[in-house]
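A.B. asks: After the structure tokens below, expect a handful of questions from me.
Just so it is clear, none of the values below were taken in a lab; they were calculated from the coordinates. None of the values given here were measured: they were computed from a predicted structure. No Cβ is skipped: glycine too gets one built from the backbone with ideal geometry, and neighbour counts run over all protein chains shown.
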Amino acid sequence: MNVTPEGYALITHMLKQMAKKVCSGRIIFVLEGGYSIRGIRECGLRVLQELVDLPTLSPKKIRQMTPEKPGSVPELKKAMDRHRIFWPAIP
């Protein structure tokens, strides 16, 4: 999928925000295999940093990387529509 370390940080940031809204901030992550050692090291570090509140992205960078209306991105809209039946908190 070619997700960058910044992308992993952003996804983690967004998931933490959603967890605060819907489940008192509780969240769990599972590391799976099959990726390059370098990718696991770099992306895993960014995930862990976000989880322990050592953000690696500036607020400006987060705004640049996040669509104003996620539903306007066809891929995100499709994913949101599919998951909304399980998680009604998805806008």
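A.B. asks: Per 0.36 nm of contour for each residue apart, how much would the distance between Arg41 and Trp87 grow if the chain were fully extended, relative to their Cα-Cα spacing? Don't jump to the answer; show the numbers that get you there.
C.D. replies: On the way: separation 46, 0.36 × 46 = 16.56 nm, distance 3.05 nm.
Residue separation times 0.36 nm, minus the Cα-Cα distance, leaves 13.5 nm.
A.B. asks: Just flag the GluC sites (Glu not before Pro) in the stretch 23-91 sitting in loop per DSSP whose Cβ has no more than 13 other Cβ atoms within 10 Å.
C.D. replies: Numbers: sites: Glu32, Glu42, Glu50, Glu68, Glu75; in loops: Glu32, Glu68.
Sites meeting the loop and neighbour criteria: Glu32, Glu68.
A.B. asks: If you don't mind, there's one more thing I want to ask. Under a Cβ-Cβ cut-off of 15 Å, what is the net charge of the residues other than Ile85 that fall near it, where Lys and Arg count +1 and Asp and Glu count -1? Mind dumping the intermediate values first?
C.D. replies: Details: positive: Lys77, Lys78, Arg82, Arg84; negative: Asp81.
Here the count lands on +3.
A.B. asks: Give me the percent relative contact order of the chain, please, defined on Cα pairs under 8 angstrom at least 6 residues apart.
C.D. replies: Values: 50 pairs, mean separation 26.6, N = 91.
This gives 29 percent for the chain.
A.B. asks: List the lysines whose alpha-carbon lies under 17 Å from that of Lys60, not counting same-chain residues fewer than 8 positions away?
C.D. replies: Lys60 reaches Lys69.
A.B. asks: Can you tell which of Gly44, Gly25, Gly33 shows the greatest fluctuation in a Gaussian network model of the chain with Cα springs below 10 Å?
C.D. replies: Result: Gly33 has the largest fluctuation of those listed.
A.B. asks: Name the most mobile residue of Thr56, Thr66, Thr12, meaning the one with the largest mean-square fluctuation, in a Gaussian network model of the chain with Cα contacts below 10 Å.
C.D. replies: Among Thr56, Thr66, Thr12, the largest mean-square fluctuation in the Gaussian network model of the chain belongs to Thr66.
A.B. asks: Using the crude model of +1 on Lys and Arg Cβ and -1 on Asp and Glu Cβ, and no other charge, please compute the dipole size for the chain relative to its Cα centre, in debye to 20.
C.D. replies: Values: 15 positive and 8 negative charges, 50 e Å.
The calculation lands at about 240 debye.
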